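Chemist: What follows is a structure written as structure tokens; I'll ask about it next.
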Amino acid sequence: MGRQFQSIDIGVLRKYDRPGPRYTSYPTAPVFSNDFGPDKFQEEIVRTNADGINSDISLYIHFPFCDTLCYFCGCTMLVTHSRERIKEYNEKVKKEISLVRPLISSRRRVTQLHWGGGTPSYLDPDDIIDMNSFIRKNFIFTDDIEACVEIDPRGLTFEHMKSLRDGGFNRVSMGVQDFNEKVQQAVNRIQPEKMTRTTIEWCRKLGFSSINLDLIYGLPFQSLRSFEKTINKIIDISPDRIAVFNYAYVPWLKPHMKLIHPEDLPAPETKLQILKMTIEKLTDAGYRYIGMDHFAKPSDELAAAQKNKTLYRNFQGYSTKAGTDVYAFGMSSISQFTDIYAQNVKTLPEYYRRIASGMLATNVGYRMSSDDHIRKYVINRLMCDFELDKRDVERRFDIKFDSYFADGIDQLTDFLVEGCITNTPDTITVRDMGRFIIRNIAMCFDAYLEKMTKEHPLFSRTV
């Protein structure tokens, strides 16, 4: 099979390796404000569930607990060994669902379910069954639901996976990061290759329809040669999807990352070489580069959605379920409707206090302006389709594209000169190398970025 890209230009990757958003939302989370609290979120739930509303919805449940701390982790998580503490949290999540469920139209069905963490598979099998049963008693699910759970093979048993599959989960996502033992020790995540392969065998035996594996490049002691060995093993395992993330070393946001010594991290040039090798090997093996950090087999729904221009982005990354309101439950979780974002409180005591008092747990949120909607659409289409139809944007939003985005188009000059994009009167098309720096291209259309980045560092590096 021919390579999807003819060449990977390290010079272009090097030039655009700078901090920038991942655009799982627009505007991005730093814009959220505590002016948008529980009352406003409840009003929006009621408004968007008026009589006659029957559009599908998505559910996201956040389970924050883990057995150990991975030093690279950027998630909102808590280490505990108390099963009672986990059960207490589950009961609070159930109560939160009970507060929100009566406000949602009974005609709306769930087309997408995602359990994230933390580590959802850290729940005991009985707790998995209990929580899943509660959710399914409260919501009607579509026949073609996409139900995905994040799992950690450490401490996992076949009974864990069976309880998830019996509960209707059909997709799994699992962190691998790197098979190299020295790297695993440096980041406090000891996960032998055999353990990973055994878990995948269980998933396949149980009939999960899609398996995603996460890798991270830029971790301590990684080299081009060592990470190539990991990539070769991943290709042999043959998951349906692969996500290869640039390690976001942000100790000013996540203090535990100070446990990783900066001098142990690979040099910037080594990281670029690792990225180049990874892209080439995965695409040579037949994976399609979807965008950002994601690869998928040509038969996968992500690849089909990109081809059909129905791919979408939300807080779980690339999605095939566009246009659904996302109702999120649990501490720190983020709900996402057409016009608003609403994020729950990030600490357990405050989350418990809110739920016990019968309040929604919303801490911050945001109501989108008409300009936000226009820019969100443009950024989404660039990141999902690698092509933007200017005339489509003009028809949808009643604007003149080139005049409305005059400043953004000026910022595209370097990308034009280097052949990363083409810009005609009708379309902006992202070409081969531009796909690897799509975050940088999208940044040209972000109205908030300059002000945010002047104040303090907020984002990981784009490459």
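Here, each number is a calculation from the coordinates, and none is a lab measurement. Just so you know, these numbers come straight off a predicted model, no measurement behind them. Positions of Cβ are backbone-derived with ideal geometry, glycine not excepted, and every protein chain shown enters the neighbour counts.
Chemist: Starting at the first residue of segment 434-450, write each ³J(HN,Hα) from the Karplus equation 6.51 cos²θ - 1.76 cosθ + 1.60 with θ = phi - 60°, in whole Hz, x for Gly and Pro.
Modeler: Each residue of segment 434-450 in turn: x, 5, 7, 10, 4, 4, 5, 5, 4, 4, 5, 10, 8, 6, 9, 4, 4 Hz.
Chemist: How much length would be gained if the chain were fully extended between Asp9 and His373, taking 0.36 nm per residue of separation minus their Cα-Cα distance, in nm to one decimal?
Modeler: 127.7 nm
Chemist: Considering all alpha-carbon pairs of segment 144-216, what whole percent are spaced by more than 15 angstrom? Let's see the in-between values first.
Modeler: Working: 1363 of 2628 pairs.
The share of Cα pairs beyond 15 Å in segment 144-216 comes to 52 percent.
Chemist: 222 nm [θ] for the chain, helices only, -39500 (n - 2.57) per DSSP H run of 4+, per residue, to 500? Walk me through the numbers on the way to the answer.
Modeler: Working: 19 runs with 182 residues, N = 463.
Computed ellipticity for the chain at 222 nm equals -11500 deg cm²/dmol.
Chemist: What is the sum of charges around Ile129, taking Lys and Arg as +1, Asp and Glu as -1, for the other residues whose C-beta is under 14 Å from the C-beta of Ile129?
Modeler: Working: positive: Lys87, Lys94, Arg136, Lys137, Lys162, Arg165; negative: Asp124, Asp126, Asp127, Asp130, Glu159, Asp166.
The answer is 0.
Chemist: Return the subset of Lys94/Lys309; Lys87/Lys162; Lys376/Lys400; Lys137/Lys307; Lys194/Lys321; Lys233/Lys307 for which the Cα-Cα distance in this structure is over 25 Å, preserving the input order.
Modeler: Details: Lys94/Lys309 36 Å; Lys87/Lys162 20 Å; Lys376/Lys400 16 Å; Lys137/Lys307 36 Å; Lys194/Lys321 34 Å; Lys233/Lys307 28 Å.
Long pairs (Cα-Cα over 25 Å): Lys94/Lys309; Lys137/Lys307; Lys194/Lys321; Lys233/Lys307.
Chemist: Please quote Rg/Rh for segment 206-257 to two decimal places, taking the Kirkwood radius as Rh and restricting both calculations to Cα atoms.
Modeler: Numbers: Rg = 14.0 Å, Rh = 13.0 Å.
Result for segment 206-257 is an Rg/Rh of 1.08.
Chemist: Projecting each Cα onto the charge dipole of segment 17-91 (Lys/Arg +1, Asp/Glu -1 at the beta carbon, about the Cα centre), which of Ile57, Leu78, Gly37 comes out farthest on the positive side?
Modeler: The residue sitting most towards the positive pole is Leu78.
Chemist: List the aspartates and glutamates whose Cα sits under 15 Å from the Cα of Lys92, skipping any in the same chain fewer than 8 residues away.
Modeler: Within reach: Glu84, Asp127, Asp130, Glu350.
Chemist: Using 0.36 nm per residue of separation minus the Cα-Cα distance, give me the extension gain between Lys281 and Val79 in nm, one decimal.
Modeler: Values: separation 202, 0.36 × 202 = 72.72 nm, distance 3.60 nm.
Additional length available on full extension: 69.1 nm.
Chemist: Express the relative contact order of the chain as a whole percentage, based on alpha carbon pairs under 8 Å and six or more residues apart in sequence. Mind showing how you got there, number by number?
Modeler: Numbers: 780 pairs, mean separation 100.4, N = 463.
About 22 percent, as a whole number.
Chemist: Additional query: Which aspartates and glutamates, if any, have their Cα less than 19 Å from the Cα of Lys281, not counting same-chain residues under 8 positions apart?
Modeler: Leaving aside aspartates and glutamates fewer than 8 places away in the same chain, those within reach of Lys281 are Asp9, Asp178, Asp214, Glu228, Asp236, Asp240, Glu269, Asp293, Asp300, Asp432.
Chemist: Another question, then. Give the cross-link partners of Lys390 among the aspartates and glutamates, using a straight C-alpha distance below 12 Å as the criterion and excluding same-chain residues fewer than 8 apart.
Modeler: Asp398, Asp402, Asp426
Chemist: Note the full-extension length gain between Ala267 and Ser209 as 0.36 nm times their separation in residues minus their Cα-Cα distance, in nm to one decimal. Please report the intermediate quantities before stating the final value.
Modeler: Details: separation 58, 0.36 × 58 = 20.88 nm, distance 3.81 nm.
Roughly 17.1 nm would be gained on extension.
Chemist: With labels modelled as points extended 7 Å from the Cα through the Cβ direction, what inter-label distance (nm, one decimal) is found for Lys451 paired with Arg431?
Modeler: A separation of 3.6 nm, rounded to one decimal place.
Chemist: If one puts a single equal scatterer on every Cα of segment 24-329 and applies the Debye formula without solvent, what log₁₀ I(q)/I(0) results at q = 0.13, 0.14, 0.16 Å⁻¹?
Modeler: Once normalised to I(0) and log-transformed, intensities are -1.03, -1.20, -1.53.
Chemist: In segment 238-345, which trypsin sites (Lys or Arg not before Pro) are in a loop and have at most 12 other Cβ atoms within 10 Å, using DSSP for the loop call?
Modeler: On the way: sites: Arg241, Lys258, Lys271, Lys276, Lys281, Arg288, Lys307, Lys309, Arg313, Lys321; in loops: Lys309, Lys321.
Filter output for segment 238-345: Lys309.
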